[in-house]
Amino acid sequence: MAIRINLLAEEQAAEELRRKNPVKLAIWVGSFLVALAALFILKLQLDINFSKNDYNGVDKQWKDNIAKYAAVTNNMAKIAEIDRKLNALDRLSTNRFFWAPVLNALQQTVINDIQVVRISGEQKYVKEEAKFIGSGASKQLIPGSTLEKTTLYIDAKDYNANAQNYDKFKETLSSYDFFVKNLQRGFILDGTLSSPSVDPADINRQFVVFRLVAHFKDVPRQ
């Protein structure tokens with residue numbers, strides 16, 4: 001039987017021991033983990049860069065939208081202001097006081113020996129503040145408003161003052177349907193009659209000058 005002797009057995013055992021050295025294995029494992037962590041960090045950095053790019057894009061789009069929103073809201077505010085002015089003009093055109101019916105009523109109430117020399121009107125707006133009425137549970141707030149006050153003045157000559165035609169003219173105006181419906185009360189004599197005067201066109205005629213005044217009903221305006 002042949003006997004075999006391995007002269008390299010000692011070196012092979014030492015080499016095998018080196019391969020199985022735990023320190024070397026730990027170094028390999030550690031190096032792998034470090035490389036894996038580095039790859040993870042690199043991936044995170046790439047994700048951060050991509051996220052920053054996405055954020056910058058969204059931020060730019062958001063700022064663009066803010067500018068557009070501001071422009072839209074400004075336009076809406078301008079449109080609302082224009083609508084408010086148009087509504088105010090519409091109320092003014094539809095709710096304003098019309099003088100044509102007044103003139104028509106005056107020409108329907110002419111009487112003999114009365115000569116109207118001047119017709120004038122006065123319109124003013126009085127603002128009334130909001131106020132409370134009542135008390136306790138029945139207390140109510142009356143909103144403020146603007147009242148349109150219109151006054152009519154008629155200057156005329158009476159060529160037959162002895163018959164008091166000026167008074168007949170006043171009563172004729174006060175009883176006319178249009179004025180009955182629209183005046184606070186009838187016409188009144190504003191002041192006193194003037195002294196008799198001679199008519200320059202006919203020295204045989206005399207007249208007195210008088211003024212009638214009437215107040216139309218107050219109209220609330222917005």
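Derivation of every value follows stated rules applied to the coordinates shown; laboratory data play no part. Everything numeric here is computed off the predicted structure, so don't read it as measured data. Ideal geometry is used to build each Cβ from the backbone, glycine not excepted, and the neighbour counts take in all protein chains shown.
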Handout entry: Förster radius 22 Å - calculated FRET efficiency between I111 and N204 (Cβ-Cβ, nearest 0.05)
Key = 0.55
Problem - S120 versus L39: modelled label distance in nm, points set 7 Å from Cα along the beta carbon direction - result: 10.3
Handout entry: Ranked by how many other beta carbons lie within 10 Å on average, peptides 42-51, 201-210 from highest
Key = 201-210, 42-51
Fill in the blank from the handout: Rh (Kirkwood, all Cα-Cα pairs) for region 165-222, Å, reads 13.4
Handout entry: Spherically averaged projected area of the chain from its Cα convex hull (nm²)
Key = 36.1
Problem - Where labels lie 7 Å past Cα in the beta-carbon direction, separation of I188 and W28 in nm - result: 12.2
Exercise for the section: Springs between alpha-carbon atoms under 10 Å, Gaussian network over the chain: tell me which of W28, W62, W99 tops the mean-square fluctuations. Expected result: W28
Practice task
For the chain, set up a Gaussian network in which alpha carbons nearer than 10 Å are linked by springs, and say which option among S135, S145, S174 fluctuates the most.
Solution key: S135
Handout entry: Choice from V198, V29, V72 showing the highest fluctuation, given a GNM over the chain with Cα pairs closer than 10 Å
Key = V29
Practice task
Return the subset of K124/K170; K124/K217; K170/K217; K181/K217; K85/K149 for which the Cα-Cα distance in this structure is over 21 Å, preserving the input order.
Solution key: K124/K170; K85/K149
Exercise for the section: Pick out, from Q115, A105, F50, the residue whose Cα sits farthest towards the positive end of the charge dipole of the chain, with +1 on the Cβ of Lys and Arg and -1 on the Cβ of Asp and Glu. Expected result: F50
Practice task
Calculate the dipole size of region 76-222 relative to its Cα centre from +1 charges on Lys and Arg beta carbons and -1 charges on Asp and Glu beta carbons; express the result in debye to the nearest 20.
Solution key: 660
Handout entry: Whether region 92-131 is rounded, prolate or oblate, judged on the alpha carbon gyration tensor where a/c under 1.5 counts as rounded
Key = prolate
Practice task
Normalising by the residue count of the chain, find the relative contact order in percent from Cα pairs under 8 Å and 6+ residues apart.
Solution key: 16
Fill in the blank from the handout: Of the residues S174, Y125, V72, the Cα lying farthest along the dipole of the chain towards its positive end, which is defined by charges on the beta carbon of Lys, Arg, Asp and Glu, belongs to V72
Completion exercise
Here the gain from full extension of A71 to E128, 0.36 nm per residue of separation minus their alpha-carbon distance, amounts to 16.7 nm
Handout entry: Model label zone, N162; criterion: amide N under 20 Å from point 7 Å along Cα-to-beta-carbon; scope region 98-123
Key = 112-115
